[in-house]
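Student: For reference, the structure I am asking about is given below.
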Amino acid sequence: MKNAVEITKKIMCLTVKEGSVVVDCTVGNGKDTLHLAKLVGDSGRVYGFDIQQAAIDITKNSLEKESLLDRVILINDGHEKIDKYIDEELDFIIYNLGYLPKGDKRIITEASTTLESVKKALQLLKSNGLLLITSYTGHEGGKEEYKSLFTFFKSLDQKKYSVLEFSFINQKNNPPILFGLEKI
Ligand SMILES: C[S@@+](CC[C@H](N)C(=O)[O-])C[C@H]1O[C@@H](n2cnc3c(N)ncnc32)[C@H](O)[C@@H]1O
């Protein structure tokens with residue numbers, strides 16, 4: 001439980017089942033996409049969004065190496081257009097915000113498009129489906145993005161959604177904050 005990546009991975013393993021339909025809204029180097037592709041099995045489907053062609057290419061490569069590309073739809077476009085590409089109910093949605101570590105730190109997720117995407121993603125989420133977002137506040141624009149998500153999640157009707165915020169209260173240097181939302 002020492003970082004957000006480990007926690008999201010554990011939750012993913014508990015939630016995503018054979019046959020699940022899931023989305024990785026920030027593919028990056030494809031670690032989450034690859035993991036999801038294994039969990040959904042032959043009968044499931046993974047959608048993956050990233051605005052960087054390089055991220056899509058790297059991920060396609062790693063999926064091909066493990067013969068998992070057949071169950072993954074990689075989309076080189078912004079996750080705020082999720083409704084343009086997905087027309088089915090989703091079991092699980094994950095976002096890892098900010099910039100790609102070891103990548104171009106100027107290419108970051110933005111408060112307005114992240115919020116637009118999350119609002120649309122909630123419409124596609126199944127009842128009992130789960131949405132996880134790891135939010136970073138240490139870079140420029142990160143705090144604003146976190147605050148806009150916090151305000152939006154806080155405003156949701158508790159009869160329709162259950163939202164948790166996890167934070168590492170004894171870690172230095174702006175540790176990531178994880179939101180977990182379940183649709184009731
Ligand atoms: C923190 S990284 C994701 C890391 C990834 N989960 C992994 O396992 O490597 C964030 C990614 O979001 C992407 N991104 C930024 N804005 C986006 C948008 N509007 N839609 C989709 N992806 C976006 C960036 O290109 C970057 O690759």
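Student: For region 4-183, what is the convex hull volume of the alpha-carbon atoms per residue, in Å³? List each step's numbers first, then the result.
Tutor: Numbers: hull volume 19.9 nm³, N = 180.
Expressed per residue, the convex hull around the Cα atoms of region 4-183 is 111 Å³.
Student: For the chain, give me the percentage of DSSP beta bridges that are antiparallel, rounded to the nearest 5 percent. Intermediate values should be presented prior to the final figure.
Tutor: Details: 14 of 31 bridges.
Taking every DSSP beta bridge within the chain, about 45 percent pair in antiparallel fashion.
Student: Can I ask one more? Just to confirm a number: summing +1 for Lys and Arg and -1 for Asp and Glu over residues other than Tyr47 whose beta-carbon lies under 15 angstrom from that of Tyr47, what do you get?
Tutor: -4
Student: Pulled fully out, how much extra length does the chain show between Thr151 and Asp87, if you take 0.36 nm times their separation in residues and subtract their Cα-Cα distance?
Tutor: 20.3 nm
Student: Which of the pairs Lys65/Lys154; Lys60/Lys160; Lys102/Lys183; Lys9/Lys147; Lys10/Lys120; Lys147/Lys183 have their Cα atoms more than 30 Å apart in this structure?
Tutor: Violating the 30 Å limit, Cα to Cα: Lys65/Lys154; Lys60/Lys160; Lys102/Lys183.
Student: A follow-up question, please. Nearest 500 deg cm²/dmol is fine: what mean residue ellipticity at 222 nm does the chain get from its DSSP H runs of n ≥ 4 alone, each adding -39,500 (n - 2.57), divided by its residue count?
Tutor: That comes out to -11000 deg cm²/dmol.
Student: Of the options Phe168, Phe92, Ser43, report the single residue whose Cα projects farthest towards the positive end of the charge dipole of region 4-183 (beta-carbon charges: Lys, Arg +1; Asp, Glu -1).
Tutor: After comparing all options, I get Phe168.
Student: What is the distance in Å between the Cα centroid of region 57-115 and that of region 39-56?
Tutor: If you average the Cα positions of each part, the centres end up 6 Å apart.
Student: Amide H of Ile75: which non-local residues (sequence gap of 5 or more, or other chain) have their own amide H closer than 5 Å, using H built in the peptide plane?
Tutor: Gly48, Phe49, Asp50
Student: Then there is this: Treating only the Cβ of Lys, Arg, Asp and Glu as charged (+1, +1, -1, -1), what charge dipole size does region 4-183 show about its Cα centre? Round to the nearest 20 debye.
Tutor: In debye, rounded to 20, region 4-183 gives about 480.
Each reported figure results from applying straightforward, stated rules to the coordinates on display, with no laboratory input. The shown structure was predicted, so the numbers you read here are calculated from the model rather than taken from an experiment. We place every Cβ from the backbone using ideal geometry, glycine too, and count neighbours over all the protein chains shown.
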